[in-house]
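Written below as C-alpha cells is the structure these notes are about.
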C-alpha cells in the first residue's frame, strides 16, 4: 500500500503551476491538502503521471471577508477558517459545516479548494456553497473564470474544471438578513454524512420571505430543493407547513442506496433534517 | 457478599501501574515493523482479485523483482498447513500453500521481494496473471442450496462438517414438546474483522551457515507458529526461532500461522537475506481471518411459569473458503455455551460449517460465546415480552443458584463457582441509581436492556482438548528464577499483546516471593527462551493457566528460600518470615539474613540444608483440572431516534466476576475494551460482500469501528469468586466485556421500541437498518 | 517552471527538515510517505502506521506545530519545515505530564495508537487550545481498539487538571 511512480512538481508560483497544467494537465492530479488524494495514491487507485503539489502557492492560502462574501483561497486549511473569529461572526454556517469534515487532524491539513474540487457528492462544503449560491474561481494560463456552483459540480468526483485549470478560490456569498443553518446525519461524528443539509431562512414577523435549501448525499452532486424553496415563501412556519415542506423535500430527491442506507431512508432523512433545521425545538439534531 | 475485597499490603489485587507502559509511552516500543536487520529486503504478497477460479498463468519473468515465487514453486517447497481444531468427520483438515484454485478474494498466490515495499508492489503489478473464473457464493445459506457453486466439487456439497453439541435431537425435541411455550427466532451474527491497530507482519531471516530461521512475528502464539513453520518448511522445530516482539493487539486474529508468513520465510531462505512483510490495512480486511458469521435457528422452551426447559439451535456457520486453524470451533463453542447462566433440562445444537467464497473465519474475542449470548439473551428478552414479565426477573428465576454449583450443563460444561444471581442483582441496583434524562421529546425513545453470560476461560485441560478435537495442549508453564543478585525473572509461554500480562505475572511473583515489583522482570515471546506453550495467549487463558503456573512456581521458590534461610539461621522454616527484604525468625528481630544473601549463597551452593539443590529456579507445568467459568451481566441504556434511526448509548453498566483479581485496573481495562468491541458489533461493524463475492468493506471508511464518542464511560462492579481449581483462583478476564454487549444493546433497543422488538435479530443496528425496522413498524416521522 | 522541473516518484530527493529540534537531512524517494520517512529513513519508529488512509490516527505527528496524518503527506512536502514526533514530546528521562497521566489512568493497552494520541493532545495543548473542551473532537480522530477510550479520556482529564501531583 505505497504510491506507484509519478512525476512530482511543486512550483513556487501560481504562474508556474498553471504552466504545468497547460503542459500536462490531462495527466496530472493536483495535490492540495491530500486528505482524499493520498489514500487513493497509497491504494494505487489513483495513478497520475504527474503530481502537481500546490502547497507552496502561498498566494492561494489567504481568505477575506468583504461586504458581500467570504472569499477563500483554494489552499486555505479548513481548520484555519473553522477557528477564524471574523468568519465565525459573519458566516457561522461555514465553521459549523467544516466542523463535520473528518477530524481535527484531517481538517488541519485539508483545504477548502481541495474539498470543493474533489466533488464528493456527500461532502459538506459543496452543499453550503449551493445553498449560498456560491461560486468557484478557476484560472488557467488563458485567464480566469468564475463558475456558479451549479455550473461547477457535474457529477460524482467530476467538475467543470478543464485539465489546464486550477481552482484558485471559493466564494461564499453572505446572505444579509438570512439565518443560515447546517445539519447532517452521519453514522459516526466525522464520517461522510448520509445526508447533509444547508438551509437559509429569511423571516419577517414569523412569515418566511425566503428559503434556500441544499442537500448533499442524495444525488451525484449537491442539489437545491427548489420546490421546497418556492412552496415556503410567504408562509408562516407552523407544524403543518413544516410537515408539508418536509414532504416536498422527500419528493424532490431521488437518491441511490448504499451501505449506509436505502434510497427510501435517504429520502426520508432529507425531510427529517429539514423539519429539524426549520424547527430545532421539535427534535434534537440528528448528527 | 463477595464484592472484591481490599487486600492491603498485598500486590495481588493491587491497582499498580503497568510495568511496560513507560517505554510504550516514550515511543520506545518495538513492534515487528520496528525490527530492522542489516541487508533486509521487503516483500509483498500477490493475492487473488477474484473470489473463485483457477489461476492459469503466473508469469513473473518481466517483473524485475529480487525474487518472485509463484504458486507452483511455493507448493513444491512447502507442506500444507494443518488445521488444529478438527470437528468429527471434517472433510478438509489442511490448507495447501500455492493452490492454483482460488476460493476467496485475498487468497495468497505468490510473493514478490524487492529493495523496498513500494518497489515490491511495483514489481507485483508487472506479474502476468490470468484466471479462469468460476461462479461464486458468499452466503452460507445460499451455499447450502441445491445447485450452489461448490468450492470442493468432489464433496458434492459445501458442508465441511456437520455435528451436534449437547443433547441429541430426539432428547431436545422431547423436551421442547413438554414445554408450554417455545420462542423461536432466526438470529444472525454478522461477519466481523478483528482489526487490531497493528496489522500482521513478519521479519524472516535465514542463516544459511547455522541452518536456522529466525522469525519476528506479530503473534499471540510463538510456539505454535514455530511448530507449524518448521513443519511446513521441512525444518526441525529447533531450527526455527520465533520472536514475538511488542504486539499491537491481536484479539484472536494472530493465534496461528498464516500462509503469508510461510511464503515470506521461504523467500528469505531462497534469497539468503532477511525479508520483511507488513500486512497493510486493506490487505487485513481480506487476508486476516474474519470471525462470527453464523445464522442460528434457535428455540427457547419454557413451562407455564416461565421456567426454562430447553434451548436448541441449528447453527449454520460460514467457514469461508476453507476451515481455518480453528475451523468450526467457534460454532461449536456457541453450542457448548448456549445455556449460559440458566438451568435447562435439555440443550442441544446442530452445527454445520459451510464453505463459501469468502475469507476464512477464525478466532476473535468472544469466540462463539458472543454468538451464543446474542441468541440466548435475545430469546430470553423475547420470552419476557411474550410472557409479559420483567426480563431481569425472568433471568433471576432461571439462573443457576450459587448453592447449585458446581453444575453440569446439558452441553457438558462443568460450571465451577460463582453467584450469577448476585451479579445480576447488583447490576440492577447499579442501574436503578442512574439519572434518567428529562428530555421529553416524543421522537426519542429510551430503554434499558440486560444481558448475562457465563464464559469459558482458561483453556483448558489437555484431555478435554483431545475430546473436542482441538490439537493443542492446554497446559502452561511458568519458570521463576531468583538470580544471584536477588532480582527475579519470570518466563512463560503466554504472550503479551496489550492485556498487561507482563505486569500481572510480575505482581504474582513479587507477592509470593515477597519482593518489590521493581525487582521482577517478565520475559515472554521468544521460543528460544520461553518455556513451551502449545496454545499461547488465546481463550482468556494467560492469567488463569499461565498465572497459575507462575503462582505455584513462585510459592515453591519462596518455600525453598525460606528453608535455606531457616537453615542458615538455625531455625525452623515454619518460624521464618520475610520482612523488608530480610528473612527473620518470627519474634526474634535480632536475627536476619537478607533475601539477596540467600540468593547469592544458594547460587554458590553454600550453606544449604541437607538434600537441597543449589540454584533458585523453579519450573511449574500447570495442567488445569477444569475450564474456569467467568461470568458477567451487562446493562445498557439507549436512546433511539425514531426519525434518523440512530441509537445512542447513554449509559452502560457491568458486573463482572473473573475470580481472583490480580490488578483491578487491568481487569477494568479489559472489560472496557471488550465492551467497546461489543458496541462495535452491536451498532457499527459488518464485513460485507457484493457481486461475485467481492468484498465491499475494505477500509476503515466502510468498515466502521467505534470512536471515542461512540463508547460511554462504563460503571463497573466486581464480585470475586475464586476458581477453586486454579492456583491463585484466577479466571479469564479478556472476553467477558465483549460477549454479552451486542445482545445487551439490542435488548435496550427492543425495550425502547417494543414495536420492533421481534425484529431485532441481527446486528449491526445501524441507522439505516434501524430506520427500515422503524419504518416497517409505522414509527417513522409522519410530520 | 515547466514540467521539465519534475522528478519522478522513484527518483531520490533530498529532504532537509528539523525533526524534534534537530536538523535532519536524508535522501529518499519522492513518493515516500512522511510516515515511512520518519520510521525507516530517520529511524524514529515511535510513529506507528495503522491504516495508511488517514482513518486511524496512529501516525499522527506535528508538522509545523499542527497535528496531521503522516501517512497522508509525502516526505518531500516537509522539506524546509519542522516535524515533531512522539520522541520529540518525550523528556530525556521519565515521562511528560501527559504521558504520566496516561500511565496513571491505564490509558493504553497495546500502545500502538498511543503515540498518535499523544501528538494530537500535546499539539493542541502547545497551540494554546483548551484540550479539555476539545477532548471529544481531538480523540475522535484516533481509533483505539484496546481501551474502549474511557481511560484515555480519564487520562487527558487528569492531565488537564494538572496531573496526579495536583492532588487527586
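The values are calculated or read from the model by the stated rules, or taken from the named source; none is laboratory data. What you see is a predicted model, and the numbers here were worked out from it, not measured in a lab. Positions of Cβ are backbone-derived with ideal geometry, glycine not excepted, and every protein chain shown enters the neighbour counts.
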| field | Scan of region A:89-112 for residues that are in a helix (DSSP H, G or I) and more than 27 Å from residue C:116 (Cα to Cα), ordered by number | value | A:89, A:90, A:93, A:94
| Every residue from region C:125-146 that is farther than 18 Å from residue A:190 by Cα and part of a helix (DSSP H, G or I) | C:125, C:126
| task | Residues being free of Cβ contacts under 8 Å to residues at least 40 places away in the same chain, under 30 Å from residue B:700 (Cβ atoms) and buried (at least 23 other Cβ atoms within 10 Å of the Cβ): count how many of those fall in region A:19-75. | result | 4
| request: Could you look through region B:16-33, keep only residues that are surrounded by fewer than 19 Cβ atoms within 10 Å (Cβ to Cβ) and assigned to a helix (DSSP H, G or I), and pick out the one that is farthest from the other protein chains (Cβ to nearest Cβ)? | output: B:23
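Condition check ((1) in contact with a helix residue (DSSP H, G or I) (Cβ under 9 Å, 6 or more places away or on another chain); (2) modelled with pLDDT under 95; (3) surrounded by fewer than 16 Cβ atoms within 10 Å (Cβ to Cβ)) across all residues:
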| residue | (1), (2), (3) |
| --- | --- |
| B:166 | yes, no, no |
| B:171 | no, no, no |
| B:178 | no, no, yes |
| B:191 | no, no, no |
| B:207 | no, no, yes |
| Quick check: is even one residue across region A:76-86 within 12 Å of chain C (Cβ to nearest Cβ), crowded, with 22+ Cβ neighbours inside 10 Å and assigned to a loop (DSSP other than H, G, I, E, B)? | no
| Could we say that residue C:57 is touching a strand residue (DSSP E or B) at 6+ places or on another chain (Cβ under 9 Å), crowded, with 24+ Cβ neighbours inside 10 Å and not in a strand (DSSP E or B) here? | yes
| Which one is surrounded by the fewest Cβ atoms within 10 Å (Cβ to Cβ) among residues in region A:5-18 that are at the interface with chain C (Cβ under 7 Å from one of its Cβ atoms) and outside any helix (DSSP H, G or I)? | A:5
| Is it true that some residue in region B:320-330 is modelled with pLDDT of 95 or more and assigned to a helix (DSSP H, G or I)? | yes
| note | Inside region A:230-249, the number of residues satisfying the requirement of being surrounded by fewer than 22 Cβ atoms within 10 Å (Cβ to Cβ) and either away from chain B (no Cβ under 14 Å) or within 21 Å of the chain's Cα centre (by Cα) (or both) is 6
| request: Tell me which residues, restricted to region C:63-76, are touching a helix residue (DSSP H, G or I) at 6+ places or on another chain (Cβ under 7 Å), surrounded by fewer than 24 Cβ atoms within 10 Å (Cβ to Cβ) and under 21 Å from residue C:30 (Cα atoms). | output: C:63
| task | Filter region A:199-219 down to residues that are part of a strand (DSSP E or B), touching a strand residue (DSSP E or B) at 6+ places or on another chain (Cβ under 6 Å) and surrounded by fewer than 16 Cβ atoms within 10 Å (Cβ to Cβ) and give me whichever is modelled with the lowest pLDDT. | result | A:207
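If you scan region B:467-491, which residues turn out to be under 24 Å from the mean Cα position of the chain (by Cα), free of Cβ contacts under 8 Å to residues at least 60 places away in the same chain and either assigned to a loop (DSSP other than H, G, I, E, B) or more than 18 Å from residue B:543 (Cβ to Cβ) (or both)?
B:467
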| Pick from region C:66-113, criterion within 14 Å of residue C:38 (Cβ to Cβ) and part of a loop (DSSP other than H, G, I, E, B), ranking: farthest from the other protein chains (Cβ to nearest Cβ) | C:81
| query | When you scan region B:498-593 for strands (runs of 3 or more DSSP E) that lie fully inside it, which ones turn up with 3 or more residues that are in contact with a helix residue (DSSP H, G or I) (Cβ under 8 Å, 6 or more places away or on another chain) and surrounded by 20 or more Cβ atoms within 10 Å (Cβ to Cβ)? | reply | B:520-524
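Against the definition (touching a residue at least 40 places away in the same chain (Cβ under 8 Å), surrounded by fewer than 22 Cβ atoms within 10 Å (Cβ to Cβ) and touching a strand residue (DSSP E or B) at 6+ places or on another chain (Cβ under 8 Å)), how does residue A:164 come out, yes or no? Give the steps one after another, and end with the answer.
Details: touching a residue at least 40 places away in the same chain (Cβ under 8 Å): yes; surrounded by fewer than 22 Cβ atoms within 10 Å (Cβ to Cβ): yes; touching a strand residue (DSSP E or B) at 6+ places or on another chain (Cβ under 8 Å): yes.
Criteria met by residue A:164.
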| task | Kindly list the number of the only condition in (1) more than 7 Å from chain C (Cβ to nearest Cβ); (2) in a loop (DSSP other than H, G, I, E, B) that fails for residue A:34. | result | (1)
| task | Would you be able to say whether some residue in region C:132-139 is without any contact (Cβ under 8 Å) to a residue 24 or more places away in the chain, under 19 Å from residue B:714 (Cβ atoms), buried (at least 24 other Cβ atoms within 10 Å of the Cβ) and not assigned by TED's automatic domain parsing to the domain that holds residue C:60? | result | no
| request: May I ask you to say which residue of C:25, C:39 is outside the structural domain of residue C:108 (by TED's automatic domain parsing), within 27 Å of residue B:114 (Cβ to Cβ), out of contact with any helix residue (DSSP H, G or I) (no Cβ under 7 Å at 6 or more places or on another chain) and part of a strand (DSSP E or B)? | output: C:25
